[in-house]
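Reading through the structure tokens given below for one structure.
The values are calculated or read from the model by the stated rules, or taken from the named source; none is laboratory data. These numbers come from a predicted model, not from an experiment. Backbone-built Cβ (ideal geometry, glycine too); neighbour counts: all protein chains shown. Accessible surface areas use protein heavy atoms only, side chains included; no ligands, DNA or RNA. Shrake-Rupley method; radii C 1.70, N 1.55, O 1.52, S 1.80 Å.
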Amino acid sequence: MERRPGGRSARVRDAVRQATLAELGEHGYSGLTVESVAIRSGVHKTTVYRRWGSVEGLIADALELAREEPWPIPDTGSLQDDLRGIVRLVQSGFADPVAGPISTAFVAAAVQSGDAARSLHDFFAARHDQAAVVVRRAVERGELPADTDGADVIRMAVAPIYYRLFVTCEPVTERDVERAADAAAAAARAGVIRVA
């Protein structure tokens, strides 16, 4: 049965989503509970359990809604500068005092839960597809081979940031941002990142 796009159902979903994000930001994935989301959202606990089922369901829904939000994709006229802008967006998102802990909690959830991992994968796939427009523009300008894999160029550009943040736990500097973007741009120009 399809839900109506507005009305009480939309208000409940929005309240629960906002409560989920606030709880993740304050307490992380390990501190997220259906009960705390119900209290914060003002939605009865049985309603939250019936509709979302578990913490993983809350995370999946929050990521699904976030996936639909537009991302401010740069359009500088240069692949290298566009990639730098995208990598900078990722870095600044994790550095943000409000958004950063929420994003970190999503990654932590994905490490601990298969359902959360699938939801985060879908979120990233949508973001990479959305950001791949910078690669399509570069192909149209003649900067890149026609068969360049746009989503893979984006993955290659942002991957070093995630590595530093979540594997080696190092700070991400502006130099790191530029180096990651420039390496992906160079690989794309060399024809290394092509559609399989």
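As a fraction of the 1.4 Å probe accessible area of region 1-128, surface on carbon and sulfur atoms comes out at 53 percent. Each Cα pair under 8 Å and six or more residues apart adds its separation to the average, and for the chain the resulting relative contact order is 21 percent.
Hey, if you drop one equal point scatterer on each alpha-carbon of the chain and run the Debye formula without solvent, what base-10 log of I(q)/I(0) do you get at q = 0.16, 0.19 Å⁻¹? Once normalised to I(0) and log-transformed, intensities are -1.00, -1.23.
If you stretched the chain out fully between D122 and E69, how much longer would it get, using 0.36 nm times the residue separation minus the C-alpha to C-alpha distance?
17.7 nm
Helices in the chain, meaning DSSP H runs of at least 4 residues, each add -39500 (n - 2.57). Divided by all residues, the mean residue ellipticity at 222 nm is -23000 deg cm²/dmol. Compared with the dominant Cα axis of the chain, that is its longest principal axis, helix 99-112 is turned about 80°.
Accessible surface area normalised per residue over region 1-116 is 52 Å², counting heavy atoms of protein chains with a 1.4 Å rolling probe. Output the 0 to 90 degree angle, nearest 10, between the alpha-carbon long axis of helix 55-67 and the longest principal axis computed from the alpha carbons of the chain. Approximately 50 degrees, to the nearest 10.
With 0.36 nm allotted per residue and the present C-alpha distance subtracted, the D147-V133 stretch has 3.7 nm of extension available.
Relative contact order of region 48-146: what whole-number percent is it, with Cα pairs under 8 angstrom and at least 6 residues apart?
Values: 69 pairs, mean separation 35.4, N = 99.
The value is 36 percent.
Against the chain, whose longest principal axis comes from its Cα atoms, helix 114-131 is set at around 40 degrees. Surface exposure of region 131-177, expressed per residue as accessible area with a 1.4 Å probe, stands at 51 Å².
Assuming R0 = 35 Å, what is the FRET efficiency of R50 and T173, from their Cβ-Cβ distance, to the nearest 0.05? Intermediate values should be presented prior to the final figure.
Values: r = 47 Å, r/R0 = 1.34.
Here the calculated transfer efficiency is 0.15.
Between A187 and A159, the modelled labels are 0.4 nm apart [label points 7 Å from Cα along Cα→Cβ].
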